[in-house]
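Peer 1: Structure provided below as structure tokens; questions to follow.
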């Protein structure tokens with residue numbers, strides 16, 4: 001009886017909950033404050049977490065606590081499952097969270113920026129991801145007084161939209177008149193790269209060089 005009290009072996013449901021909550025807190029924080037959140041989570045956070053859990057698992061196995069081992073395995077599974085789920089929605093969650101928390105600062109920065117040339121919508125560089133041979137992938141914050149990009153935000157097709165200098169990967173509506181526009185990797189507003197984003201390229205609806 002004394003041995004059972006000193007060496008309890010029971011399944012702890014709090015560990016999977018802690019694993020899921022930890023993944024949510026860490027990843028959402030990286031989405032808001034970090035660049036390349038996915039890579040940082042994959043290369044740093046997940047290895048550290050899994051190594052820590054492996055140590056706990058070995059200790060529990062040495063002490064012959066199979067239910068505690070199962071709790072730890074469920075915690076790892078919950079952490080990884082939530083991580084994968086959030087990874088798949090990073091493109092939506094990251095701009096939405098940053099806009100929710102810091103929209104006043106971004107609005108003031110864009111209002112102070114000079115007007116765009118060639119009839120392009122007013123914009124600022126808002127977010128950048130990619131490193132080494134991959135990137136950069138740039139997201140622009142765009143102010144659209146006429147909300148002409150509302151249809152683009154609902155569209156699943158990639159093409160050049162009115163007010164944008166070239167074909168873009170994604171248009172996301174943040175709120176009325178405000179949009180996050182994701183360019184293709186290594187394309188930058190105002191430069192003559194593969195898609196010619198200088199504003200003097202193809203007309204709306206023309207086929208992009210990517211598809212030729």
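Taken together, the values in this text are just the output of simple stated rules run on the coordinates, not laboratory data. Since the structure is predicted, the reported quantities are computational estimates derived from the model, not experimental observations.
Peer 1: For the chain, what mean projected area does the convex hull of the alpha carbons give, in nm²?
Peer 2: Approximately 15.2 nm², given one-decimal rounding.
Peer 1: How big is the Kirkwood radius of the range 153-197, worked out from every pair of different alpha carbons and given in Å to one decimal?
Peer 2: Numbers: mean 1/r = 0.0910 Å⁻¹.
That comes to 11.0 Å for the range 153-197.
Peer 1: Ok, one more. Please report, in whole Å³, the volume per residue of the convex hull around the C-alpha atoms of the range 2-88.
Peer 2: Considering the Cα atoms of the range 2-88, their hull volume per residue is 79 Å³.
Peer 1: What 222 nm value per residue comes from the helices of the chain, counting each DSSP H run with n ≥ 4 as -39,500 (n - 2.57) and dividing by all residues, nearest 500 deg cm²/dmol?
Peer 2: Helix-only estimate at 222 nm: -14500 deg cm²/dmol.
Peer 1: To continue, here is another question. What is the ratio of the Cα radius of gyration of the range 50-137 to 2.2 N^0.38 Å, with N the residue count, to two decimals?
Peer 2: Ratio of Cα Rg to 2.2 N^0.38 Å: 1.86.
Peer 1: I've got another one for you. How much length is gained if the chain between residue 186 and residue 101 is pulled fully straight, taking 0.36 nm per residue apart and subtracting their Cα-Cα distance, in nm to one decimal?
Peer 2: Answer, rounded to one decimal: 27.8 nm.
Peer 1: To continue, here is another question. Report, please, the projected area of the range 71-183 averaged over directions, based on the convex hull of its C-alpha atoms, in nm².
Peer 2: Projected area, direction-averaged: 9.4 nm².
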